[in-house]
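The values are calculated or read from the model by the stated rules, or taken from the named source; none is laboratory data. Note that the structure is predicted; figures quoted are calculated from it, not measured. Here the Cβ positions follow ideal geometry from the backbone for every residue, glycine too, while neighbour counts run over all protein chains shown. Side chains are part of the model used for accessible areas, which takes the heavy atoms of the whole protein and leaves out ligands, DNA and RNA. Shrake-Rupley method; radii C 1.70, N 1.55, O 1.52, S 1.80 Å.
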Amino acid sequence: MTTQSLQGKVAIVSGSSSGIGAAIVRELSSRGASVVVSYPFSSLEAEAETVVASLASPAIAIEGDMSTVSAPQRLVDAAISQWGRLDIVVNSVALAVNKPFEEQTLHDWDALVNVNGRGTFLLTQASLKHLTKGSGRIVNICSISARGPPPNQTIYAGTKGMVDSFTKCWAQELPPKYGCTVNAVSPGPTMTEGFAAAGDEQMKILQPIINQTPVGPRMAQPEEIAWAVAFLCEERSRWINGVHLVASGGLFID
């Protein structure tokens, strides 16, 4: 049985109806945290409610398209309305586009920058005044693409580079004001629905890279990324701040 080390804590995890985000809410819940599960569109409500039903602690599912300016505040308002506190914010939501640079469009730019960059910016900003002072945790899900991108990921890698820089800046600026820590977890290739949708051409590029992973020639499981996130949310991680924790089996070593 997992120790209830986050009992009484409240967490928001953006983009958590599937993939890495869903694995994160399951891990935090298994440690006792109450969680806000977010999903972007009404068509995914059933998927989000399935995640909620699988959790071991109280949870709510909230619709919020993180490409909009209103959704981040909606998630925060839901957490405060339901539980009256907020301890953990995990910026997990992300979109990816895998195309040759010449084929990437302004629509791709707007979609990825608004979700991956602005969504992270606004959710963190909306959360700050509610974070439990002295023990708040902000964890940004970055990507090894921010520092070692493969071909065809110009915009995606750029937005994850933005999140990487957010983390460095916030880790210096926010703890003195809000008593929190700010860290990032960077997954390598991970077996999620989104990664499966990358397409055969992108996998032809990525598979030889994946095969070079020192720990083993495979993609990560979402649960392996979630464990790294939960580690940073623990009370005993209070002295860990500004870390870029790469969870890639050694595929990328900074």
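Which residue pairs have Cβ atoms closer than 6 Å, lie 6 or more positions apart in sequence or on different chains, and pair a first residue in region 149-162 that is more than 8 Å from N98 (Cα to Cα) with a second residue that is among the acidic types (D, E)?
Final answer for the pair search is I155/D108.
Would you point out the residue of region 203-212, among those that are free of Cβ contacts under 8 Å to residues at least 40 places away in the same chain and not in a loop (DSSP other than H, G, I, E, B), that is surrounded by the most Cβ atoms within 10 Å (Cβ to Cβ)?
Checking each candidate, the answer is M203.
Does region 18-35 hold any residues that are in contact (Cβ under 8 Å) with a residue 40 or more places away in the chain and open to solvent by 10 Å² or more (accessible area, probe 1.4 Å), and which are they?
Across region 18-35, the qualifying residues are S18, G19, I20, R26, E27, R31, S34.
Going residue by residue through region 180-187, is there one that turns out to be in a helix (DSSP H, G or I), modelled with pLDDT of 95 or more and open to solvent by less than 20 Å² (accessible area, probe 1.4 Å)?
no
Which of (1) buried (at least 16 other Cβ atoms within 10 Å of the Cβ); (2) among the hydroxyl-bearing types (S, T, Y); (3) more than 30 Å from D200 (Cβ to Cβ) is the odd one out, the single condition Y156 does not satisfy?
Here Y156 meets the rest and fails (3).
Look through D200, D164 and report the one residue that is under 27 Å from L251 (Cα atoms), open to solvent by less than 40 Å² (accessible area, probe 1.4 Å) and of a type in the set (D, E, K, R).
One residue alone meets the criteria, D164.
Working only within region 78-132, note down all residues that are small (G, A, S), under 26 Å from E201 (Cα atoms) and open to solvent by 20 Å² or more (accessible area, probe 1.4 Å).
Within region 78-132, A94, A96, A111 meet the criteria.
Which number in (1) touching an Asp or Glu at 6+ places or on another chain (Cβ under 8 Å); (2) hydrophobic (A, V, I, L, M, F, W, C); (3) under 26 Å from R238 (Cα atoms) marks the one condition that V97 misses?
(3)
Here are V76, V90: which of them is under 12 Å from S14 (Cα atoms), of a type in the set (V, I, T) and assigned to a helix (DSSP H, G or I)? Spell out the reasoning first.
Details: V90 fails: assigned to a helix (DSSP H, G or I).
Only one candidate passes the filter, namely V76.
Give the number of residues within region 127-143 that are assigned to a loop (DSSP other than H, G, I, E, B) and over 30 Å from Y156 (Cβ atoms). Break it down stepwise before answering.
Our first condition is that a residue be assigned to a loop (DSSP other than H, G, I, E, B); within region 127-143, this holds for 132-135, 142-143.
Filter once more, so that each one left must be over 30 Å from Y156 (Cβ atoms): 132-135.
Result for region 127-143: 4.
Let me confirm something: among D65, D77, which residue is acidic (D, E), modelled with pLDDT of 95 or more and over 18 Å from the mean Cα position of the chain (by Cα)?
Selected residue: D77, the only one of D65, D77 that is acidic (D, E), modelled with pLDDT of 95 or more and over 18 Å from the mean Cα position of the chain (by Cα).
Name the pairs: first residue in region 73-85 and closer than 15 Å to E63 by Cβ, second residue part of a helix (DSSP H, G or I) and of a type in the set (G, A, S), Cβ to Cβ under 8 Å, at least 6 apart or on different chains?
Pairs found: Q73/A126; L75/A126; V76/A126; V76/S127.
If a residue must be in a helix (DSSP H, G or I) and out of contact with any Asp or Glu (no Cβ under 6 Å at 6 or more places or on another chain), how many such residues does region 144-167 contain?
Summing the residues that are in a helix (DSSP H, G or I) and out of contact with any Asp or Glu (no Cβ under 6 Å at 6 or more places or on another chain) in region 144-167 gives 15.
Starting from region 36-65, take each residue that is in contact (Cβ under 8 Å) with a residue 24 or more places away in the chain and within 20 Å of D87 (Cα to Cα) and list its partners that are of a type in the set (F, W, Y) and outside any helix (DSSP H, G or I), counting only C-beta distances under 7 angstrom and pairs at least six apart or across chains.
Pairs found: A61/Y39.
Please verify whether V89 is touching a Leu at 6+ places or on another chain (Cβ under 7 Å) and of a type in the set (A, V, I, L, M, F, W, C), treating the condition exactly as stated.
Answer is yes for this residue.
Could you count how many residues in region 217-248 are part of a loop (DSSP other than H, G, I, E, B) and either closer than 30 Å to Q207 by Cβ or of a type in the set (S, T, N, Q) (or both)?
Qualifying residue count, region 217-248: 7.
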